[in-house]
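Some notes on the structure that comes next.
The values are calculated or read from the model by the stated rules, or taken from the named source; none is laboratory data. Note that the coordinates shown come from a computational prediction; the quantities given were computed from them, not determined experimentally. Note: areas computed on protein heavy atoms with side chains; ligands, DNA, RNA excluded. Shrake-Rupley method; radii C 1.70, N 1.55, O 1.52, S 1.80 Å.
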Amino acid sequence: MTRIVAGTAGGLALQVPKSGTRPTSERVREGMFSRLDHYGYVEDCAILDLYAGSGALGLEAKSRGARRVVSVEAHRPAAQVVIANAKSTGLDIDVVNQKAETFLANEPVELFDVALLDPPYDISEDQLTVVLNLLVAHLKDDAMVVVERSKKAPEPQWPASLRRDDVRKWGDTRVWSAVVAPEGTRVEV
């Protein structure tokens, strides 16, 4: 069973789409959000949850005090599960039923403090690179990007304006994070 780990909805169960998703484990979410909380990247922040699946990451952020959460999910049945989970937990988030690339190709309406990406493990590195490049225009100057992948996946190809901040491994999962590099900063690749 997938549950919200902490915050106002801590312990509440979440539905999981019948197929096509791989929910982030509670252990990984706890580790990710402990780090994000420690650096001030959750409370009162605007969070973008790409490849939302069940909505667990975005709902976890909202439960822990995020000001706003936008969850983007391409598959309609999964997006409907995110909506149902938001309703059952009493957490107010926006759910967008679009591909991540389509959402990001639009002119930004707002800028985000944090972007959480949990793409399907079978997404190609080229596809992920396109999404990361499109994402940059939607980020605040001091934003953090978190990418969850299989432990076998290589490091994401970060755009020039992002620099790797950290990498953690939990079981079969590797979580990379990057921060927006200040303008004029040389970013090593």
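Under the rule a/c < 1.5 gives rounded, and otherwise a/b versus b/c splits prolate from oblate, where does region 29-126 land using the Cα gyration tensor?
Values: a/c = 1.42, a/b = 1.23, b/c = 1.15.
Rounded shape, in that the Cα axes give a/c under 1.5.
Please work out whether region 69-156 counts as rounded, prolate or oblate from its C-alpha gyration tensor, where a ≥ b ≥ c are the square roots of the eigenvalues and a/c under 1.5 means rounded, while otherwise a/b larger than b/c means prolate and anything else oblate? If you can, show how the numbers build up before the last one.
Values: a/c = 1.68, a/b = 1.25, b/c = 1.35.
Here region 69-156 falls in the oblate category.
State whether the chain is rounded, prolate or oblate according to the following rule on the C-alpha gyration tensor (a ≥ b ≥ c being the square roots of its eigenvalues): a/c under 1.5 gives rounded; otherwise a/b larger than b/c gives prolate, and the remaining case gives oblate.
On the way: a/c = 1.40, a/b = 1.37, b/c = 1.03.
Here the chain falls in the rounded category.
Can you tell me the length gained on complete extension of the stretch residue 101 to residue 150, counting 0.36 nm per residue apart and subtracting the Cα distance? Could you put the intermediate results ahead of the total?
Details: separation 49, 0.36 × 49 = 17.64 nm, distance 2.08 nm.
The span from residue 101 to residue 150 would gain 15.6 nm if fully extended.
Per DSSP helix of 4 or more residues, -39500 (n - 2.57); summed, then divided by the residues of the chain. What does that give at 222 nm, rounded to the nearest 500? Don't jump to the answer; show the numbers that get you there.
Numbers: 5 runs with 52 residues, N = 189.
Estimated from H runs of four or more residues: -8000 deg cm²/dmol.
What residues have an amide H closer than 5 Å to that of residue 96, excluding those fewer than 5 places away on the same chain, when H is modeled at 1.01 Å from N in the peptide plane?
71, 72, 73
For residue 62, tell me the accessible area in Å² from a 1.4 Å probe, rounded to the nearest 10.
My reading of the accessible area for residue 62 is about 40 Å².
Check which residues have an amide H placed less than 5 Å from residue 143's amide H, if you skip close sequence neighbours.
Excluding prolines and chain starts, which carry no amide H, the hits are 180.
In region 90-189, what percentage of the DSSP-assigned beta bridges are antiparallel, given to the nearest 5? Before the final figure, lay out each step's value.
Details: 15 of 20 bridges.
The antiparallel proportion sits near 75 percent.
For the full complex of protein chains and a 1.4 angstrom probe, list 38, 138, 75 by accessible area with the highest value first.
Values: 38 140, 138 5, 75 115 Å².
So, going from the largest accessible area down, we get 38, 75, 138.
Need one number: convex hull volume per residue for region 82-130, Cα atoms only, in Å³.
Values: hull volume 5.7 nm³, N = 49.
So the per-residue hull volume is 117 Å³.
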